[in-house]
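**Q** Take this structure first; my questions come after.
We did not get these values from a lab; they are worked out from the coordinates using the rules stated. None of these values were measured; they are calculated from a predicted model. Methodologically, a virtual Cβ is constructed for each residue, glycine included, from the backbone with ideal geometry; neighbour enumeration extends over all protein chains shown.
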Amino acid sequence: MSAPLVEASAPERARNNLEELGLDAMAASAPEYAALVASGSKTFAQALMEMTDAQVAAVRARDLDRRVEKANFPYVKTLADFDFSFQPSLSRPVVEELASLGFLERRENVVLVGSPGVGKTHIAVAIGVEAVRARKLTYFVDCQRLVGDLKRAAEKGALERRMRFYAHLSLLIVDEVGYLDVDKEGADLLFQLVSRRYERRSTIVTTNVGIGAWAKVFGDPVVASAIADRLCHHCTVLKITGRSYRTKDLAPDRDAESGG
Ligand code: ADP
Ligand code: MG
């Protein structure tokens, strides 16, 4: 192979090298920084620091995106996106305290109770996003999906493996408990999971029915109270009694018609 007629310039070669090393953010800014250093606007040390800062930020942002993706949130929203003035029944200091994740260290739980559209899932996701940012293994799942998943695992003889996945998460968010009834087998599986996480790992549950009414959801009052007992032993219960945010622009009497 013959040598190229025109040798690549030093900044050009540096950029190619950085690209080959996968340092995309540094590669993109290399020619610009080379010019700044050549003109005396920046020292080499300054340029190197700024370029590596940008690369570190890019790597961290991608890593966070990957972990948020794995957490399986239905949407990604934070407390900054939440309008507390719309929902005065919800204590902002209590929610902010939860988002600082002390409850995770104490292995406590959170139950968010309220009718559809009041912001239960939003708050659960926002706390979950903070947990992911703090590198806590977090997973969001709808109650029906969780029950279905455990049942399928049981049928395939793989229940223990699946239980272990859910049991070892630092934060499990179970959304929409109570929207659909859970049969006896499903309730037993949920009880097993809640027992395994009890006082070891934190769980956030959102529900549209008060915990007192869970007997109907789980068919069996004994299993229902066993689940509620473990979940609520070390627990912050947040009751949101306001209007649905989804129908906030409609006339107030339309609220009752909104879906979950
Ligand atoms: P649910 O209580 O049924 O789980 P969600 O939390 O999913 O309701 O809220 C429904 C929608 O309204 C979501 O898009 C959510 O982000 C938004 N929302 C709810 N409450 C608020 C609020 N107080 N401020 C901003 N957005 C909100
Ligand atoms: Mg919801």
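**Q** Semi-axes of the equivalent ellipsoid for segment 135-260, please: Cα gyration tensor eigenvalues, times 5, square-rooted, ordered largest first, whole Å.
**A** 27, 16, 15
**Q** Report, in degrees rounded to the nearest 10, the 0 to 90 angle that the Cα long axis of helix 120-133 makes with the longest principal axis of the chain.
**A** Here the helix axis deviates by roughly 40 degrees.
**Q** Is it possible to state the helix-based mean residue ellipticity at 222 nm for the chain, with each DSSP H run of 4+ residues giving -39500 (n - 2.57), the sum divided by total residues, to the nearest 500 deg cm²/dmol? What is it?
**A** -16000 deg cm²/dmol
**Q** If you scale each eigenvalue of the Cα gyration tensor by 5 and take the root, what three semi-axes come out for segment 79-147, rounded to whole angstrom and sorted largest first?
**A** Three semi-axes, in Å: 19, 17, 11.
**Q** Could you tell me how many degrees, from 0 to 90 and to the nearest 10, lie between the Cα long axis of helix 221-233 and the main elongation axis, the longest principal axis, of the Cα atoms of the chain?
**A** So the inclination is approximately 50 degrees.
**Q** Evaluated at 20 °C with a viscosity of 1.002 mPa s, what Stokes-Einstein diffusion coefficient in µm²/s does the chain have when Rh comes from the Kirkwood expression over alpha-carbon pairs?
**A** 100
**Q** Non-local amide H neighbours of V237 (under 5 Å, H modeled in plane, Pro and chain starts lacking H): which ones?
**A** V111
**Q** In addition: Give, in nm to one decimal, the length gained when the segment between D65 and D229 is fully stretched (0.36 nm per residue of separation minus the Cα-Cα distance).
**A** 55.5 nm
**Q** Ok, one more. Residues with amide H under 5 Å of L90's amide H, sequence separation 5 or more or different chain, H placed in the peptide plane at 1.01 Å from N; which?
**A** Counting only residues 5 or more places away or on other chains, the set is empty.
**Q** What list of ³J(HN,Hα) couplings, whole Hz, do you get for segment 158-174 from phi and the Karplus terms 6.51, -1.76, 1.60, once you set θ to phi - 60° and write x for glycine and proline?
**A** So the Karplus estimates, Gly and Pro as x, are 10, 4, 4, 4, 5, 4, 5, 4, 6, 6, 8, 5, 5, 9, 10, 10, 10 Hz.
**Q** In nanometres, what is the gap between the two model label sites at R135 and N72, each 7 Å from Cα along Cα-to-Cβ?
**A** 2.4
**Q** Among residues other than N72 whose Cβ falls under 12 Å from its Cβ, what is the net charge (Lys/Arg +1, Asp/Glu -1)?
**A** Once positives and negatives cancel, what remains is -1.
**Q** Follow-up question, since we're still on this one. First measure r as the distance between the Cβ atoms of K248 and E160, then evaluate 1/(1 + (r/R0)^6) with R0 = 45 Å and state the FRET efficiency to the nearest 0.05.
**A** 0.50
**Q** Given q = 0.17, 0.22 Å⁻¹, what are the Debye log10 I(q)/I(0) values for segment 13-135, with equal point scatterers placed on the Cα positions and solvent ignored?
**A** Relative scattering, expressed as log10 I(q)/I(0), comes to -0.86, -1.21.
**Q** Separate question: Place a +1 charge on the Cβ of each Lys and Arg in the chain and a -1 charge on the Cβ of each Asp and Glu, then give the dipole magnitude about the Cα centre in debye, rounded to the nearest 20.
**A** 700
**Q** Now, a different point. With equal scatterers on the alpha carbons only and no solvent term, can you work out the Debye log10 of I(q)/I(0) for segment 179-220 at 0.29 1/Å?
**A** Values returned for q = 0.29 Å⁻¹ are -1.12.
**Q** Hey, another quick one. Which pairs, out of K120/K248; K136/K156; K77/K136; K120/K216, put more than 26 Å between their alpha-carbon atoms?
**A** K136/K156
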